[in-house]
Amino acid sequence: MTPTTGTSARPLRVAIVGAGPTGFYAADHLLRNPEVVVEVDMFDRLPTPYGLVRLGVAPDHQKIKFVTNAFDKVAASLRFRFYGGVEFGKDVTLADLQAHYHQIVYCTGAQTDRRMGIPGEDLTGSHPATEFVAWYNGHPDYRDCAFDLSQESVAVVGVGNVAADVVRILCRTPEELAITDVADYALEALRKSRVREVYLLGRRGPAQAAFTNPEVRELGELADADITAIPQEVELDPLSRAAVERSQDRATLKKVEMLREYARRAPTGKSRRLVLRFLVSPVELISDGAGRVAAMRLVRNELYATSTGALQPRATDRFEELPVGLVFRSVGYRGVPLPGVPFNESWGVILNDKGRVLDPDTKQPIVGEYAAGWIKRGPTGVIGTNKPDAAETVECMFEDLARGAVLEPTRPEAAAAEALVRQRQPNYVSYTDWLKLNEIEVARGRAQGRPRVKLTSVEEMLAALGR
Amino acid sequence: MNIANILARKGSMAVTVQPEQSIREALALLERHNIGALVAVQGDRPVGILSERDIVREAARNESFFARTVGDLMTRDVITGQPPDDLLTVAYTMTERRIRHLPVVDQGRLVGMVSIGDVLKAQRDQYQGEVDTLQTQLLAGEGGQPR
């Protein structure tokens, strides 16, 4: 008789694709189960773990990165392995994973940005904000990006947390940045920046802006950038006022209060100016005649209430032109389809029900495949929101195991999976390797009074490991 | 967080009926899908909502309720949501107006349904996540370096 799956004689073997926060939360929930013996192998296309905690969270927000201490504890389990630098769909295929694991969880996040869908969007000087973020954070795929920081005026479209990060990095002084782990090449480029005016553009009003109060406060405390806003744009319209009063939403009241105070501030002669704009949407990027962004045409919006009472923007017939030479858009994110995995185009996620991947034709769960995090529900919430999200997926996984609905891998041994990875990607990075890289980065940082100096290319990382 | 984020992790569409269908058929659908409400549609446009409450109310006073039609019992004045509607507002409206099921339409077309349970769970997850993240930051510095 074959032993039951999930025992020490035959552990439940799980492959997690993606080493971001959700991957670690999923691994934690899996490994914590006192009744089922689980072995987790985590794959990431990059050699380094932590996903957006390393490559998305802004370098001047180091405290947020402490969450990685919890991830390291998960990784310390003897039943956990990390295969860094191993790409799903390229180095290992779905069929490979099905032959080696009982269950597969996709935690690949929302890797691409939404477009504004306006004329001129692809002019030189118009970029997705995520490219800039990945670049200043030392993402190996984006280190060679170039942004024309000789421009004096920049517009950042969107008022979410990513947009707030981008304007902060653009407005920080070299001294402020030099004590962070911003990538060295980015620090050099930002040192030479000639950016003077930064516009942050929200399509709705101040009460609907997604950035949080701590972020709004930070924007008002920049060392060498004066913040300002247009008084009429930060006053609450009657619909927003009614909504805020009805729900007694104190956080939003506080946010609006801070923004109104910014509108009243007199300039103090700092060398940069950050202008917060609300109720405006870009409708066109205007060329300088040589294919470069020279200006942005904006339409003024007004708000209307949908039948649930949610407030949405509607364009008016009032337009204006904003001269800007550099544009970053941060108007939403989408997941990227994985080879062989059903995708839900409407929402930009893997087609799923509570994390169970569904067959697009029958709408029934596909045995052994799951999704968690942003690739399951879309990009929303803070890092910690992915913990209950991953818990829901893992609950489904254990339910399915109890019903016997798991894959039947031909090689369900840890050694067989390792042999496969070694053959396909001999240069894979283990967790022990990563901890070595980490020490090297931290040591390089210590010498400069910085949290770390990142290794930003795969070659550099492998060389540091003596390969 | 908005309605789209809830629909993204709900594989199923809203279960629909035609107003001409019988209550017997509607009950069979509610039972088969283990749900509490159906959206009555004409084409892909919602024209009403039929909840288990509507059926119970009729059953309590009319022995032959089985033979009635969905159109007889459904609520016609349906409040619908849109994918970008934010959850805070939606949760407020649903609790204030005692709405348990909210059909979601996109440009007039039915694209799904969210229940008050879906909305409250999403809100709970959001708050849990925020608490977790704040705690991590408050504890920052105790034991180790960030990455």
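The values are calculated or read from the model by the stated rules, or taken from the named source; none is laboratory data. Computed from a predicted structure; not experimentally measured. Every residue, glycine among them, receives a Cβ derived from its backbone with ideal geometry; neighbour counts consider all protein chains shown.
Here are the numbers:
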read-out: Residue among B:23, B:55, B:49 that is free of Cβ contacts under 8 Å to residues at least 60 places away in the same chain, touching a His at 6+ places or on another chain (Cβ under 9 Å) and farther than 30 Å from residue A:334 by Cα; value: B:49
read-out: Among the candidates B:23, B:6, residue that is surrounded by 20 or more Cβ atoms within 10 Å (Cβ to Cβ) and either within 14 Å of chain A (Cβ to nearest Cβ) or within 16 Å of the chain's Cα centre (by Cα) (or both); value: B:6
read-out: Which numbered condition residue B:13 misses (of (1) assigned to a loop (DSSP other than H, G, I, E, B); (2) over 30 Å from residue A:160 (Cα atoms); (3) touching a Gly at 6+ places or on another chain (Cβ under 7 Å)); value: (2)
read-out: The stretch A:65-104 - residue that is of a type in the set (A, V, I, L, M) and within 14 Å of chain B (Cβ to nearest Cβ) and, of those, surrounded by the most Cβ atoms within 10 Å (Cβ to Cβ); value: A:67
read-out: Candidate set from the stretch B:9-20 (those that are of a type in the set (Gly, Ala, Ser) and facing chain A (nearest Cβ under 8 Å)); member that is nearest to the chain's Cα centre (by Cα); value: B:12
read-out: Any hit, the stretch A:351-367, residues being at pLDDT 95 or above, surrounded by 18 or more Cβ atoms within 10 Å (Cβ to Cβ), assigned by TED's automatic domain parsing to the domain that holds residue A:25 and farther than 29 Å from residue A:114 by Cβ; value: no
read-out: Among the residues listed as A:216, A:234, A:244, the single one being farther than 17 Å from residue A:267 by Cα and in contact with a Ser or Thr (Cβ under 9 Å, 6 or more places away or on another chain); value: A:244
read-out: Residue match in the stretch A:222-234 (condition: within 30 Å of residue A:311 (Cβ to Cβ) and out of contact with any strand residue (DSSP E or B) (no Cβ under 9 Å at 6 or more places or on another chain)); value: yes
read-out: Elements of type helices (runs of 4 or more DSSP H) in the stretch B:28-115, at least 1 residues being facing another protein chain (nearest Cβ under 9 Å); value: B:87-96
read-out: Verdict on residue B:123 being in a helix (DSSP H, G or I), facing chain A (nearest Cβ under 9 Å) and more than 12 Å from the chain's Cα centre (by Cα); value: no
read-out: Flag for residue A:389 being surrounded by fewer than 20 Cβ atoms within 10 Å (Cβ to Cβ), within 29 Å of the chain's Cα centre (by Cα), acidic (Asp, Glu) and assigned by TED's automatic domain parsing to the domain that holds residue A:41; value: no
read-out: Residue within the stretch A:396-408 that is part of a loop (DSSP other than H, G, I, E, B) and among the small types (Gly, Ala, Ser) present; value: yes
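Let's see how each residue does on (1) more than 14 Å from every other protein chain (Cβ to nearest Cβ); (2) in a strand (DSSP E or B); (3) closer than 26 Å to residue B:105 by Cα:
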position: A:293; (1), (2), (3): yes, yes, no
position: A:297; (1), (2), (3): yes, yes, no
position: A:303; (1), (2), (3): no, yes, yes
position: A:308; (1), (2), (3): no, no, yes
position: A:312; (1), (2), (3): no, yes, yes
position: A:321; (1), (2), (3): yes, yes, no
